[in-house]
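This report refers to the structure that appears directly beneath it.
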Amino acid sequence: FNPSDTFNQELRAVYSTDRLHVTAGANYFTEDATYALAPFGPPRATYALTAPANTSDLAAYAIFGQIEYDVTPTVTLVGGLRYNSEQRDFVVDYTGAPIPGRRTTGRIDDDVVIPSGGVNWQLSPDVLVYGKVSRGYQAPGFNAQPGAAATVPNTFDAEEMTAYEMGIKSQFVDRRVTLNAAGFWYDYSDLQVRNTIGLGLTSISNAGAATVEGVELTLSGLVTDS
């Protein structure tokens, strides 16, 4: 039993000259959602040890922009910025379970500024080298299945990441061969970790930090025209 009503609206504007390219916009999003596990009877008859009847009302908006400036005919600087704000009201309700539990409520508010920047170098019409640094963000939230005896809202903080990436995108042999390669390093803070802690009991908590690093290589070729 999982009905959800959402509304999303985004407006964008673009502006370009010979050397400058600008994109700006705004986004608005709302969601009213309910989740309940209903093995028997009406939707609110849920297992006390599995899933409660949850409701979540989310309202979020953002403004964003990106600027690309051609320093030379082959080198382009790229910068972006996004401001995001959201508010979520939620209810975790075990009172309709076969073994009634508690009903807890809470509100989560968060505001964040997310920047990005990079440089693109067009070595030739078919070869692009790039580097970029960006911030990643995953919103805070609440644990949907804390257990029927939970006395306070069980929430977790936002997860943030700084991502560094360098790579090349290229084509050869009259663009019949494509070679893309990239190296990356991700630095997480307040990493959101999901755990199952018992029958029908889950938790999401924030770890201190984590890093991910690696390389990626893609090679494809057009054997025939089809």
Top-ranked residue of the stretch 77-113 - restricted to ones that are of a type in the set (Val, Ile, Thr) and more than 27 Å from the chain's Cα centre (by Cα), ranked as least open to solvent (accessible area, probe 1.4 Å): THR95
Exactly one of ARG107, ARG82 is under 24 Å from ASP57 (Cβ atoms), out of contact with any helix residue (DSSP H, G or I) (no Cβ under 9 Å at 6 or more places or on another chain) and free of Cβ contacts under 8 Å to residues at least 24 places away in the same chain, and that one is ARG107
Can you pull out the residues in the stretch 147-164 that are in contact (Cβ under 8 Å) with a residue 60 or more places away in the chain and either in contact with a Leu (Cβ under 9 Å, 6 or more places away or on another chain) or in a strand (DSSP E or B) (or both)? GLY147, ALA148
Counting only residues that are of a type in the set (A, V, I, L, M) and open to solvent by 70 Å² or more (accessible area, probe 1.4 Å), how many does the stretch 134-174 have? 4
Taking the stretch 165-212, which residues are in a strand (DSSP E or B) and out of contact with any strand residue (DSSP E or B) (no Cβ under 8 Å at 6 or more places or on another chain)? GLY198, LEU201
Please tell me if ARG88 is part of a strand (DSSP E or B) and either within 23 Å of ARG135 (Cα to Cα) or at pLDDT below 95 (or both). yes
For the stretch 32-40, does any single residue satisfy the condition of being at pLDDT below 85, over 20 Å from PRO146 (Cβ atoms) and open to solvent by 50 Å² or more (accessible area, probe 1.4 Å)? yes
Return the residue satisfying two criteria in turn: it lies in the stretch 152-191 and is among the small types (Gly, Ala, Ser) and more than 17 Å from GLU213 (Cα to Cα), and of such residues it is nearest to the chain's Cα centre (by Cα). ALA158
Any idea which of (1) of a type in the set (A, V, I, L, M); (2) at pLDDT 95 or above; (3) more than 30 Å from PHE184 (Cβ to Cβ) is the one ALA51 doesn't satisfy? (2)
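The values are calculated or read from the model by the stated rules, or taken from the named source; none is laboratory data. Since the structure is predicted, the reported quantities are computational estimates derived from the model, not experimental observations. Positions of Cβ are generated from backbone atoms using ideal geometry, with glycine treated the same way; all protein chains shown enter the neighbour counts. Heavy atoms of the whole protein, side chains included, go into the accessibility calculation; ligands, DNA and RNA do not. Shrake-Rupley method; radii C 1.70, N 1.55, O 1.52, S 1.80 Å.
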